[in-house]
Amino acid sequence: MSTASPHLALPMALVYSYLFPVMWLSWAAYWWALSRNVKVAARRESLPSRLLHIGPLLLALLLLWVPSVPLPFLGARFLPLATWPFWAGAVLAAGGLLLTVWARHHIGSNWSGIVTIKEGHELITSGPYAIVRHPIYTGLLLAFVGSAMARGEWRGILAVAIALWALWRKLRLEECWMREQFGEAYQAYCRRVSALLPFIL
């Protein structure tokens, strides 16, 4: 396993400080642009419930983006300062974000950024939803993992753990509502397709 020489630290930090914000902000802009073209919500989660997943996700992003953290052990490296983990992480993050875009496009006007049941809500089980039940969450987790790999510090592991907790909590609430809405059809879908990782989880 080769490590980069110290003089590569600054260039990689500069690339990270531009490349990853550009990827994530471009994704956020796309999300915002499509957020108005959705069905009207017949039922939506409460504001406190929303904050329980939005807040941790923002914290996870902050951990990855800030130049340094006050706790030294979180700034220690778990991967070598080398080009391969950086670019492998960049590719994984980009792939994860592209997966969310595919899933968002496929689900169309049934999408919502919060847990809702739409008027005329449809159960989508094709496209990326035939691979996992929550491909947007899978894509986001891949993007967090890729960003953490590229950062290479223990705070990235903490960020992934926080994001996983937030998305898993949201997933469980969403699935409870979907079972109430679609009954046996959703139960059968759950038996057939994994939630986040094909054949595993």
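Computed from the coordinates by the stated procedures, all read-outs in this text should not be read as laboratory data. Because the structure is predicted, anything quoted here is derived from the model rather than measured. All Cβ positions, glycine included, derive from the backbone under ideal geometry; neighbour counts span all protein chains shown.
For the reader, a short list of remarks on this structure follows.
- Between Ile200 and Val15, the simple label model (points 7 Å from Cα in the Cβ direction) yields a spacing of 2.6 nm.
- Rg to Rh, two decimals, where segment 128-189 supplies the alpha carbon set and Rh follows Kirkwood: 1.11
- Based on the reciprocal of the average 1/r between different C-alpha atoms, the Kirkwood radius for segment 46-92 equals 13.1 Å.
- Couplings for segment 152-167, taken from phi via the Karplus curve 6.51 cos²θ - 1.76 cosθ + 1.60 with θ = phi - 60°, read x, 10, 4, 4, x, 4, 4, 4, 5, 4, 5, 4, 4, 4, 5, 6 Hz in order; Gly and Pro are left as x.
- Between segment 143-201 and segment 37-108, the alpha-carbon center distance in angstrom: 12
- Nitroxide proxy distance, nm - points 7 Å out along Cα→Cβ at Trp87 and Glu119: 5.2
- Sites Ile131 and Leu52, calculated FRET efficiency, Cβ-Cβ separation with R0 25 Å, nearest 0.05: 0.40
- Within the shell of other residues whose beta carbon sits under 13 angstrom from the beta carbon of Phe86, the net charge comes to +1, with Lys and Arg scored +1 and Asp and Glu -1.
- Compared with the alpha-carbon gap, the fully stretched path from Trp102 to Leu25 is longer by 26.0 nm at 0.36 nm per residue.
- Amide H contacts of Glu153: Phe78, each under 5 Å away and 5 or more positions distant or on a separate chain (H built 1.01 Å from N in the peptide plane; Pro and chain starts excluded).
- Relative protection proxy for 131-137, 45-51, from highest mean packing down: 131-137, 45-51 (other beta-carbon atoms within 10 angstrom).
- Rounded to whole Hz, the Karplus (6.51, -1.76, 1.60) HN-Hα couplings of segment 98-111, x for glycine and proline: 5, 4, 5, 5, 4, 5, 5, 5, 6, 7, x, 6, 7, 6
- Proximity of backbone amide H atoms, modeled 1.01 Å from N, is registered between Arg43 and Ile117 at under 5 Å, excluding neighbours fewer than 5 places apart on the same chain.
- Here the relative contact order of the chain, from alpha carbon pairs under 8 Å that lie six or more residues apart, stands at 30 percent.
- For Rg and Dmax of the Cα atoms in Å, calculated from these coordinates, the label among (i) 18.7, 56; (ii) 18.3, 59; (iii) 20.2, 64: (ii)
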